[in-house]
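Have a look at the structure below before the remarks.
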Amino acid sequence: MDKTLFCEALYALPDNIIVKRRKSVVMPVVSIALGALIVVTGYTMPEGSATADWHSSLLLLGAIVAIVGFVMLLGRLFGGEGRPCLGEVGEPLKITELSFARMQMREVMSAIDCGDVAALLALPESPVAAVTVALCRTADGRFVVCQPFEYVELEYRPLREAKILKKQ
C-alpha cells in the first residue's frame, strides 16, 4: 500500500479534518547555534602546546554539528515530508495497516460499512495481505479514518474512498 496516496486521500477529506503538519524547526536551529558556539569556543581558546589538539578538534566538531543542523533545517523547510494531524487541534495521527486474507473481505467491508472499529481490530490478521486496511487514528482512538485496499496485479487498489469511522 502506498502511504503517500493514502495521506493524499486523507488531506482531501471535507472541512480540512486532517491537515499536513511539518516537523518543528527548533532542533535544527539549536544544532546550528550549538555548532556556532563550539566553533567560537575553538577560536577563542588560547594557543599553546597543551591546547593545540583541542583547538582543531573543537573547530571540526563545531563545523560538523552546524552543517548537520543546516541540512536538517533545509529538509524540514523544503522537504515533502509531513505527518497527518487532526485539523482543529493539531493532534498527530498514527497510520497502521491491517492485513487480511481474501476470504475475509466480506467481514472487513461489513465492519467498515457499520463503522465498527472494535470489530475490525478483532478480526484475525493474515500474513498474506490480499486485503489491507489502512487506519489513521489518534492515540486515544477517538478519531479513526480507514480505507480498504485490495492487492490486484502487483499493486494495491482502493476498494472504497477513505471513511471516517469515529469522530468525537
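If you go through region 74-92 and keep only what is without any contact (Cβ under 8 Å) to a residue 60 or more places away in the chain and either assigned to a helix (DSSP H, G or I) or under 18 Å from L5 (Cα atoms) (or both), you end up with L74, G75, R76, L77, F78, G79, G80, E81. Of all residues in region 6-43, those satisfying the criterion of being within 19 Å of E161 (Cβ to Cβ) and either hydroxyl-bearing (S, T, Y) or within 16 Å of the chain's Cα centre (by Cα) (or both) are F6, C7, E8, A9, L10, Y11, I18, V19, K20. Would you check if there is a residue in region 136-153 being assigned to a strand (DSSP E or B), out of contact with any Asp or Glu (no Cβ under 7 Å at 6 or more places or on another chain), over 22 Å from P14 (Cα atoms) and of a type in the set (F, W, Y)? Checked against the condition, which is being assigned to a strand (DSSP E or B), out of contact with any Asp or Glu (no Cβ under 7 Å at 6 or more places or on another chain), over 22 Å from P14 (Cα atoms) and of a type in the set (F, W, Y), region 136-153 yields at least one hit. For region 37-73, a residue qualifies if it is loosely packed, with under 12 Cβ neighbours inside 10 Å and either among the charged types (D, E, K, R) or assigned to a loop (DSSP other than H, G, I, E, B) (or both), and the qualifying residues are P46, E47, G48, S49, A50, D53. Checking each residue in region 18-63 for being among the small types (G, A, S) and modelled with pLDDT under 90 picks out S24, G42, G48, S49, A50, A52, S56, S57. Residue count for region 85-103 under the criterion of being open to solvent by 20 Å² or more (accessible area, probe 1.4 Å) and of a type in the set (A, V, I, L, M): the result is 4. In the set (1) crowded, with 19+ Cβ neighbours inside 10 Å; (2) at pLDDT 90 or above, R106 fails one condition alone, (1).
Within region 142-165, the residues that satisfy the criterion of being open to solvent by 80 Å² or more (accessible area, probe 1.4 Å), out of contact with any Pro (no Cβ under 9 Å at 6 or more places or on another chain) and not hydrophobic (A, V, I, L, M, F, W, C) are Y151, E153, E155, R157, E161.
Only residues that are under 15 Å from Q147 (Cα atoms) and in contact (Cβ under 8 Å) with a residue 24 or more places away in the chain were counted across region 93-115, and they come to 13. Return a yes/no flag: does region 107-117 have any residue that is assigned to a helix (DSSP H, G or I) and among the charged types (D, E, K, R). Yes, the conditions are met somewhere in region 107-117. When A139 is tested against the conditions (1) under 24 Å from the mean Cα position of the chain (by Cα); (2) surrounded by 15 or more Cβ atoms within 10 Å (Cβ to Cβ), the lone failure is (2). Residue-level analysis places M27 among those that are closer than 30 Å to P92 by Cβ and either among the aliphatic types (A, V, I, L, M) or open to solvent by 90 Å² or more (accessible area, probe 1.4 Å) (or both).
The values are calculated or read from the model by the stated rules, or taken from the named source; none is laboratory data. Since this is a predicted model, take the numbers as computed values, not measurements. Every residue, glycine as well, gets a Cβ built from its backbone with ideal geometry; the counts of neighbours run over all protein chains shown. Note: areas computed on protein heavy atoms with side chains; ligands, DNA, RNA excluded. Shrake-Rupley method; radii C 1.70, N 1.55, O 1.52, S 1.80 Å.
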